[in-house]
Amino acid sequence: MDQYNWWKRLRDSRYIRISLLVAMGVLLYILMLGNIIPDKIEIRLSQAVDQDIRSPISVENKTATEERRKEAVTAIGPVYDLKQEYAQNQVGKVTDIFELVRQVAADYEAEQEALKEQLEEGEEVEIETRTDEEIREEQLAYIHEALAIGTSNELSDETIITLLESSDSQLQIAQEATANAVFDIMNEQISIRDLTEKKEEVENSIEMPTLSNRLVNAMQEIASFAIIPNYIYDAQETERLRQATADSVEPVMIREGQLIVKEGEIVNHEIYEQLRLVGLLDDDLNVYPYIGLAILVILIMSVIGYHINEANTSLRHNNSHLVMFTLIFVLTVVLIKVFSLLEGLGITGLGYAVPVSVGAMLLTLLLSKRVAVFMSFIFAVIGSIFFNYDAAGAFNFTYGIYLFFSSISAAFFLGESNRVSRILRAGLYVSAANILTVLSLLFMKVVPSSWVEIGLHVGFVWFSGFVAAVLTLGLLPFFEAGFGILSTTRLIELSNPNHPLLRKILTEAPGTYHHSVVVGNLAESASESIGENGLLARVASYYHDLGKTKRPHFFIENQMRMENPHDKISPQLSTTIITAHPYDGADLLRKHKMPKEIIDIAEQHHGTTLLKFFYHKANQDSETSLPESQFRYPGPKSQTKVGAIVQIADSVEAAVRSMQKPTPDKIENLVRKIIKDKLEDGQFDESDLTLRELDQVAISICETLKGTFHQRIEYPEDEKKKGD
C-alpha cells in the first residue's frame, strides 16, 4: 500500500488517524443501533398477545407503589398513650375536694366561735342576721367557685352539702375510700369509649356500711367525677408512625427481564399500564437510547485511540498499519453482527459459532499480542450488545464473557509465529478454550441444560475456533501483501535463494552474495541475543548490498584475479561510486516492492560512516586538508536496533575477512574496536541501542565468528604416496 502515490500523499496527513477512528465509530454506531432501540409492540386492551413480553428496562411502577403505601398507612391504626400520671393527679383532685370542704367548714366554725367569745366578753357586736339556707348558699357558691378553677364544676349541691354536714372522722373515711377507689380504676386503661363503664365501676366499688347512704352517694359522685380517660390519642406519634411506614414500603419495580405478559394472556388495564411504563407502547421518539449509544461508541473509540497513541506498537506512527487495524476491526465486528443475526434462526447455540478469534489472530500476527489482548476486551463489549436479542437489557454478558475468552485465548496460544501448523494448532486450542467457557456458562444456569443442547453448543464453539484458524490462513497473505507486513512467512519467502534479487546478487556479484550470507549469520544471532527479530536481520542482510550489483567490480569482494579499478580513478570518484550503493540498492528494492523494513536497512546500513581509505588517500594527493564530509555516506543513520546490528555485522565481516591468521582474542578486540569507533562516531544515536545491548551484540558476534574461524586439523600426507 505504501507504494501507491495517492496513499503517500495522504499517509502523513495528521487528520488521517482521526478520520479512521471516526469512520470506525460511525460504522459501529450504525451496526449497534438496531440492538439498542427498544421494540414497539402493537397491543390493545382485552387482546391476547402472541408472544412472551419481558421488560427491557428496570422502572418503578409509581402508581402501584403509591397504592401499596396507602394500604400500609391505612393498616396503621391511631396510636394511644397511657398516661400513668393521671391516676395520681385525679387522686389529688379528690383530696383537694375534701380539703376544700374541711376548710369551708372550719372557717364557718371559727367565725361562730369568735362571735361567741365577743358576746361573752360583753363587746358590742353587730350581728348580721342570716338564715342557715343563706349560709349554705354562700358556702356552696364559694366551693363551686373554687372547684371551677382547673376543673369542670360537675359536683351537685347535694353532694357538697352532704360533705359539709359530715363530721371530720366521716370525711376522713370517705376521702380515703374515694381516693383508693379512684386510684385503682385510674391505673387501668381508660379510653373515651370505656369512660361510662369505668365510672359505673368506680361507683359500684364504693360501698361503706358504716357511712350513711347520703355520704356514700356523695362519695360515688366525687369518684365518678374524678374518673377521666387516661388512654389518649397521640396525633403526633400516629402521624410519625404512618410516615415511617409509608417510607419503609419498597417501591414496586418492574425489573429488567421480568415477564410482563405470557403468550396467549389477555391484556388487562394493569398489564397495559406496565407495558406503557417500560416504553413498549410509546409512539413518541425517545432520544435517550440514541444519545446513550453515541456516548458508548465515543468511549470505545476514545479508549482505542488512547491505546493506539500510548502503546509501544507500529500503530503509534504508522498510518498504513492503522488502516490495516481498521480493516481487521471492521471485519471482526461485521462477523459478530452477522452471527448475531443468524442466531434469530432459532438454532440452539448457533451464535456461539462466531469466529471472533480471527480478529485476535490477525492482530497478533500482523501487529502485536498487546493490541490483540486489548481488542479482545473491546470485541467482548461490542458482542455483548450485538447478541442482546434474548437479553432483558442492552448487554448480554453471557456472550460477552464467551467472546472475551475466545478472543484472548487466540492471542495467548498463537504467539508471534505464523506458520500454518502453528495457526491450526492455535485454532484447536481456541476451540478447547471455547468449549470450557461455554460449559462453564451452561452449568452455571439455574435451569440445567439438556445433553442435546450441550452437544450443540460444544459443536458450534469447536467450529468457531476451526473457522477462525482457516480464515486467518486465508486472509493473512492479503494483509501481508497489501500493507507490506513483514511476517515470518514473508521473510522466509524472501530468504529463498531463488528469489530474483538474490539470484541477481549471486550471478552478478558472487563475492557480495557470500559476504551477505555471513553478515546474515552474524546479524541474526546478535539480534536474537537482545530480543530483536533475528529472521528480519538475516533477510535484510541478504539484500543490504544489492546496490553493488550496479557496479560489482568496484567492490573488493568481487575483484577476483583482476585489476582494482579504483587505482585508475580519483579518490573523490571512488567515494561517489562506493557511497552510492546503499541508495542504488534501496531503489531496486522499491521497484520490486520489497518491505519497507528491508529497504530502510539497506539504505541506512552505512549511516554517515567515513570512507577512511579514500579520505586519507585524497589528503595524501592534495596539498590542502580536505573536509571529512566529502568522504562520508550521506546517511541517514540506522533508525532501528536491527539496522544498527546489520551495520556492525557488515563492518565486522569485512574486517575479519581481511585479517591474517585470526585468533579468538584478535577477533574480539577487532569487534569491540569497530563497535567503539561507530559508537564514538555517533552511528547508533538514532537506533535506541543501549551500552548493555552493544556488549551483548559483541559477545554474540564473537561467538559466531569463533565457530567460523576455528582451527582445523592438519591432515598428514599418505606415507606410501610420499615414497612414490
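What follows is calculated from the coordinates using simple rules that are stated; it is not laboratory data. Because the structure is predicted, anything quoted here is derived from the model rather than measured. Note: ideal-geometry Cβ built from the backbone for every residue, glycine included; neighbour counts use all protein chains shown.
Couple of notes before you dig in:
- Between residue 204 and residue 556, the simple label model (points 7 Å from Cα in the Cβ direction) yields a spacing of 14.0 nm.
- Its Cα gyration tensor gives the stretch 302-381 an equivalent ellipsoid; the semi-axes, largest first and in whole Å, are 28, 11, 11.
- The alpha-carbon positions of the stretch 490-708 define a convex hull whose volume is 124 Å³ per residue.
- Helix 664-680 vs. the chain, principal-axis angle (Cα, 0 to 90°, nearest 10): 60
- Of 612/666; 591/617; 262/445, pairs whose Cα-Cα distance is over 29 Å: 591/617
- Hz values of 3J(HN,Hα) by residue in the stretch 612-618 - Karplus curve (6.51, -1.76, 1.60), Gly and Pro given as x: 4, 4, 6, 5, 5, 5, 5
- In this structure the amide hydrogen of residue 81, modeled in the peptide plane, comes within under 5 Å of the amide hydrogens of 232, 233, 234, none closer than 5 places in sequence on its chain.
- Full extension of the chain segment joining residue 168 with residue 111 gains 18.7 nm, where the gain is 0.36 nm per residue of separation less the Cα-Cα distance.
- The chain: angle of helix 691-708 to the longest principal axis, Cα-based, in degrees nearest 10: 40
- A dipole drawn for the chain from +1 and -1 charges on Cβ atoms has a positive end, and of 687, 492, 301 the residue lying farthest that way is 492.
- Filter on 83/199; 596/641; 637/706; 548/676; 548/661 - keep pairs with C-alpha separation over 21 Å: 637/706; 548/676; 548/661
- In the chain, the longest principal axis of the Cα atoms and the axis of helix 420-443 are about 10 degrees apart.
- Checking (i) 81, 34, 22; (ii) 114, 35, 24; (iii) 53, 35, 28 against semi-axes √(5λ) of the Cα gyration tensor in Å calculated from these atoms, the matching label is (ii).
- Residues 566, 605, 592, 269 in ascending order of nearby Cβ atoms (within 10 Å, fewest first): 269, 592, 566, 605.
- Fewest-first sequence of 557, 188 by Cβ atoms within 10 Å of each Cβ: 188, 557
- Residue 36/residue 583 FRET efficiency (R0 56 Å; Cβ-Cβ; nearest 0.05): 0.50
- Value of [θ]222 nm, deg cm²/dmol, for the chain, DSSP H segments ≥ 4, -39500 (n - 2.57) each, nearest 500: -21000 deg cm²/dmol
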